[in-house]
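To keep things clear, I will list the structure first and then write my remarks on it.
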Amino acid sequence: MIVMPSPRRRIGILVVLFMGTFVMGTAEMLIVGMVEVIAADLDVSVAAAGALLTANALGLAVGGPVLTLTTARCDRRPVLVFTLAVFVALNLVPIMGSPHVVFLGARVAIGAAQGLFIAAAISTATAIAEAHRAGRAMAAVITGSALASALGLPVGTLLGFEIGWRGSFGVVVAAAALVLIGGWILLPSVPPAPGVPTRALVRHAFAPRVLTVLGFCVIIFTAIQAVLTYLVPILSTTGVHGAAVGAYLAGYGVATTVGSAVGGRLADAGAALTLVGGSIGVTASIAVLGCLGGHPVVSWLAVAGIGFFGMGMAPSMQHRTVHFAGVGGALAASLPSSAVNVGIAAGSTAGGVAIVSGGASAAVTLGVGCGVFAIAWACATLRLRARQDVPMDAASAAERG
């Protein structure tokens, strides 16, 4: 049974969860801004240094759900605290001058810990929130990851060039330690739903309705990443080069943060319709970038639109997944981030093939095509309903007694 916290403490809990995802997201993305520096220092190729980002994503996509299932019968508080402690310890690896292969292994484990933290944070946030504010509670967690790209990545990169890339990871460790202390003080006990065997958790978490929503996550992020990964060459065809690209990336980062925050309210108002509207917005933004990208302001707005509508759907993806999973919600909470990472990998790969075969316009066409498919998929999910014998907040109701 969970004792509902006071409104003031509830805010403190959500801040801890937000900061946890922000710090972890920043650590994940730090590689992007310093990949060449890291490669030179570790005496490996740029591709090998870039594999550090892939390792983190792989750990999150695969290890996150595995660890979430393993800890499904555990109270969320010790899971969150332990995960933060593991995250702090593993991020000491690059600071201590470990070789590339050790760093690579640590990044896989860090990704798995990140996936577990996100799932446990989502479960905790919804457990302490009123039912009609579940989407906003989820958004508080998700926005931390969005802000990591918008703020954590550029600030961490700047620090890296000032104090060295290992120094940037030192700042991450210090920040994570502070979050760990805050979590130890503020995080409440959130016991698992009683009487639900592991087999039932898996069955409900991977129910056909849940898999349908996860399929949408993969498709729409394939569309987004097919364009975003190759934004620099796409923009270069419209006359945008060099430092000017930074303004577009900054706009994208800010838009993702705003979108995820607004998306929480939209998820509470109507998650299913938000997925339809968001996929239309992403697809239209990609199309505008391809057709009218020669106008700097229009292309900037298109890039920002991809970020706003893309991350604006994130709380609704999480909301629908947990909703359809019923008593398997604690496990299902780890799945949208895994699906998104599959979409990111698929989009990056397919976009690369398109760029090689047909140039920048081919990547945009691919993005639009996947976006149209995602719109149709989202419309099809409008008819889906959760099983009547497994209400949306069954687990939460059981936890609250």
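The values are calculated or read from the model by the stated rules, or taken from the named source; none is laboratory data. Just so we're clear, the structure is a prediction, and the values are computed from it rather than from any experiment. Every residue, glycine as well, gets a Cβ built from its backbone with ideal geometry; the counts of neighbours run over all protein chains shown.
For this structure, a couple of remarks:
- With respect to (1) surrounded by fewer than 21 Cβ atoms within 10 Å (Cβ to Cβ); (2) part of a helix (DSSP H, G or I); (3) among the hydrophobic types (A, V, I, L, M, F, W, C), the lone exception for A106 is condition (1).
- Any chance A272 is out of contact with any strand residue (DSSP E or B) (no Cβ under 8 Å at 6 or more places or on another chain), within 30 Å of A304 (Cβ to Cβ) and modelled with pLDDT of 90 or more: yes
- Screening A106 against (1) within 22 Å of A314 (Cβ to Cβ); (2) without any contact (Cβ under 8 Å) to a residue 24 or more places away in the chain; (3) among the small types (G, A, S) leaves a single unmet condition, (1).
- Unique match (being more than 18 Å from S334 (Cα to Cα) and out of contact with any helix residue (DSSP H, G or I) (no Cβ under 6 Å at 6 or more places or on another chain)) among A250, A223: A250
- Which listed residue, of G307, G326, G294, is more than 15 Å from C217 (Cβ to Cβ), not in a helix (DSSP H, G or I) and not assigned by TED's automatic domain parsing to the domain that holds L69: G294
- Applying the criterion of at least 1 residues that are surrounded by 15 or more Cβ atoms within 10 Å (Cβ to Cβ) and free of Cβ contacts under 8 Å to residues at least 40 places away in the same chain to the helices (runs of 4 or more DSSP H) found wholly in region 1-100 leaves 7-42, 46-58, 76-90, 92-95.
- Residue check: V190 meets all listed conditions (1) surrounded by fewer than 20 Cβ atoms within 10 Å (Cβ to Cβ); (2) among the β-branched types (V, I, T); (3) not in a helix (DSSP H, G or I) but one, namely (1).
- Evaluation of V298 against the conditions (1) closer than 19 Å to P233 by Cα; (2) surrounded by fewer than 24 Cβ atoms within 10 Å (Cβ to Cβ); (3) touching a residue at least 12 places away in the same chain (Cβ under 8 Å) shows that the sole unmet condition is (3).
- Screening the candidates A244, A304, A287 for the property of being within 22 Å of the chain's Cα centre (by Cα) and small (G, A, S) yields one hit, A304.
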